[in-house]
Structures are given as C-alpha cells and as structure tokens.
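Novice: Please see the structure below; I have some questions.
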Amino acid sequence: QVQFVESGGALVQPGGSLRLTCVAYGLVFRDRTIGWYRQSPGQQRELVARIFPTHSAAYVDSVKGRFTISRDNSQDEVFLQMNNLTPEDTATYFCNTAPAPEKSWGQGTQVTVSS
C-alpha cells in the first residue's frame, strides 16, 4: 500500500525559511516523479514542485527562485526547501506522485506564514 508521511511544517514569519520532508512507502520510489502539492482552505490542491527520476525539477511560477525540491532515493525521501516565504504560501503541504497522484494522501504538514 502506497503511503506518504510529511513533516517539517511550522509557523514562520514572512521572509523566513522552512524545509519539508516526505517519506514514501510502498512504491518503487526511484522510478517515480514525486511532487509537492499544497492546499489552502477553500482552494483546490495545487502542484507546486515536482522532481523527476533524473533529479531534474519543475516549479509553478509562484515559487520559482524561492523553493527547491530534492530527493534521496536511498531513503525514499523528498524534500522541499522553502525560502523567502510569504503569507500566500500558507497552506497544508502534501507529497505524492506527479502529475497523476496516487489515491492515498498523507496527513500533510501545515505551513503558516504570519507576523
């Protein structure tokens, strides 16, 4: 059974940084494109970054130059380094395969950017 466990979210001031971690279970991790998604209340879930098996990455325009996605295939982990955070980044962050996510989602990790 595929599972994802996200961690690292917190309350941070505007301009601050966070590093999110996701651990994946039950899939051949190294062969899959993995994405970080986020969802704010009342909004649709949005794919903000994804990393391919080759370790190349793609980002949505709103996070380009501020977020960096990386992966450790030896530990089935994916990371999201988030810098220069703004209140618009406030959301619950999830990881999953991309662009087509698996049916099961983790609990997510809450990121709140506020002064």
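The values are calculated or read from the model by the stated rules, or taken from the named source; none is laboratory data. The structure presented is a predicted model; accordingly, all values stated were derived computationally and were not measured. When we count neighbours, we look across all protein chains shown, and the Cβ atoms used for this are built from the backbone with ideal geometry, even at glycine. Ligands, DNA and RNA are stripped out before the accessible areas are found, and what is left, the full protein with its side chains, is counted by its heavy atoms. Shrake-Rupley method; radii C 1.70, N 1.55, O 1.52, S 1.80 Å.
Novice: At a 1.4 Å probe, what is the % contribution of carbon and sulfur to the accessible area of the chain?
Specialist: So the carbon and sulfur contribution to the accessible surface is 46 percent.
Novice: Which one of Thr68, Val28, Ser56 is farthest out on the positive end of the charge dipole of the chain, using unit charges on Cβ (Lys, Arg +1; Asp, Glu -1) and the Cα centre as origin?
Specialist: So the residue we want is Ser56.
Novice: Okay, next question. Mind giving me the nanometre distance, one decimal, between the label points for Arg19 and Gln44, set 7 Å out from Cα along Cα→Cβ?
Specialist: Placing both labels 7 Å along Cα→Cβ, they lie 3.3 nm apart.
Novice: Enumerate by residue number the GluC sites (Glu not before Pro) in region 48-115 meeting two conditions: DSSP loop (anything except H, G, I, E, B), and at most 16 other Cβ atoms within 10 Å of the site's Cβ.
Specialist: Taking region 48-115 and a limit of 16 other Cβ atoms within 10 Å, the loop GluC sites (Glu not before Pro) found are Glu102.
Novice: Also: Could you calculate the contour length gain from Ser114 to Val60, that is, 0.36 nm times the residue separation minus the distance between their Cα atoms, to one decimal place in nm?
Specialist: 17.2 nm
Novice: Along region 20-29, what does the Karplus equation 6.51 cos²θ - 1.76 cosθ + 1.60 (θ = phi - 60°) give for ³J(HN,Hα), rounded to whole Hz, x for Gly and Pro?
Specialist: 9, 10, 10, 10, 10, 10, x, 9, 7, 4
Novice: Now for a different question. Which residue, Pro14, Pro99, Pro41, has the most motion in a Gaussian network model of the chain that connects Cα atoms within less than 10 Å?
Specialist: Pro41
Novice: Compute the separation of the alpha-carbon centres of region 87-115 and region 20-77 and state it in Å as a whole number.
Specialist: If you average the Cα positions of each part, the centres end up 10 Å apart.
Novice: Hey, what's the chain come to in accessible area per residue, 1.4 Å probe, Å²?
Specialist: 53 Å²
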